[in-house]
Amino acid sequence: MTYRLPPLSTLRVFEAAARHLSFKSAADELGLTPSAVSRSVQALEDWIGNPLFARGNRTIALTDVGTAYAAQVRAALDLLAQATRALPERGARGTLSMSAAPTFGLRWLMPRLGRFKARHPDIALTLDTTHRPVEFPRDGIDLAIRMGSGPWPDLDALHLVTESLVPVCAPELAGRVRTIADLGKLPLLHVTSVRDDWACWAEARGCGELDLRGGLRFDTIQYALNAAAQGLGIALGRRPLVDPDLEAGTLVEVLGPPVPTATAYWLVCAPASLARPEVRIFRDWIRGELAGELAADSLLPPV
């Protein structure tokens with residue numbers, strides 16, 4: 001049978017543009033330029049003889065034809081991805097694509113990746129640390145590490161670490177933070193992506209009257225912790241992400257003990273991805289890392 005198909009590369013570009021309703025966002029996802037996405041979509045429209053998008057001044061919207069076609073293209077790409085993952089097992093000598101939140105990737109995952117590469121040098125690992133949501137399997141991501149409280153419907157999820165909140169600051173400021181009232185005398189450092197952290201901590205400590213309007217705001221936990229280490233104010237550290245700073249002495253814990261949160265970090269993937277040996281190997285490796293760290297913690301003397 002001879003299939004009458006448009007260029008397959010244009011279908012992948014169209015699906016991303018239809019999902020984001022943005023040529024720029026599709027370009028960022030696919031590693032292309034917005035003009036390349038626009039040309040690819042135009043080539044597909046020319047091939048099928050129908051407009052797929054209604055183009056505004058700075059916006060795009062799917063036409064009726066585009067809406068129907070996007071659903072069918074998405075289903076077809078999903079089917080191709082599933083068929084590929086269902087191929088007979090092979091040795092683990094391929095690639096592994098991961099997505100992780102930036103601060104977690106830098107502070108928790110990166111220090112451990114050397115041990116993974118030493119044990120599995122034939123697996124080429126790619127790490128994506130953008131904040132964009134992952135859509136399995138279309139995004140080409142095999143595994144993702146995400147913060148949340150679960151559950152994760154339709155995904156295989158492995159619990160990694162549960163977080164707790166504790167105020168931290170530079171050593172030279174620690175002597176000025178003896179009581180909760182002292183927090184009102186120093187700038188609080190906020191993270192816009194987890195904007196409720198201070199409110200949750202204050203509620204758990206019974207100090208809902210704490211004024212959270214002032215201070216400095218940052219878009220990542222990493223920047224907030226760096227600012228705290230430079231003496232710019234009091235940050236709310238998330239353990240275990242802040243543990244390296246506490247161990248190094250660049251930050252000091254104040255007003256403890258830590259307050260447990262309902263969030264944790266999870267390793268998630270589409271169940272079909274477990275058919276790939278690279279995915280299973282990484283999942284088993286990270287589980288072993290966690291087991292080893294828990295065993296080491298159990299040997300520590302009580303404090």
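A few notes on this one:
- This model, with +1 at the C-beta of Lys and Arg and -1 at the C-beta of Asp and Glu, gives the chain a dipole about its Cα centre of some 560 debye.
- Ordering of 40-47, 219-226, 105-112, 126-133 by packing [mean C-beta count within 10 Å, highest first]: 219-226, 40-47, 105-112, 126-133
- For segment 185-266, convex hull volume per residue from C-alpha positions, Å³: 102
- Centroid-to-centroid separation of segment 93-134 and segment 15-36 [C-alpha atoms, Å]: 24
- Per residue, the convex hull spanned by the Cα atoms of the chain measures out at 181 cubic angstrom.
- Scalar couplings 3J(HN,Hα) for segment 75-84, obtained by applying the Karplus form with A = 6.51, B = -1.76, C = 1.60 to θ = phi - 60°, are 5, 5, 5, 4, 5, 5, 5, 5, 5, 5 Hz; x denotes Gly and Pro.
- Near Leu225, once Lys and Arg are set to +1 and Asp and Glu to -1 for all other residues with Cβ below 15 Å from its Cβ, the sum equals -3.
- Relative packing of peptides 8-21, 154-167 - highest average C-beta neighbours within 10 Å first: 8-21, 154-167
- Segments 230-243, 273-286 sorted - mean Cβ within 10 Å per residue, highest first: 230-243, 273-286
- Karplus (6.51, -1.76, 1.60) ³J(HN,Hα), θ = phi - 60°, over segment 38-44, in Hz, Gly and Pro reported as x: 4, 5, 5, 5, 4, 5, 5
- In sequence order, calculated HN-Hα J values of segment 13-28 (Karplus, 6.51, -1.76, 1.60; Hz; x Gly/Pro): 5, 4, 4, 5, 5, 5, 5, 8, 6, 7, 5, 5, 5, 5, 5, 4
Quick note: the coordinates plus some simple rules give every number you see, no bench work behind them. In this text the structure is predicted, and so the values were computed from the model without any measurement. Every residue, glycine among them, receives a Cβ derived from its backbone with ideal geometry; neighbour counts consider all protein chains shown.
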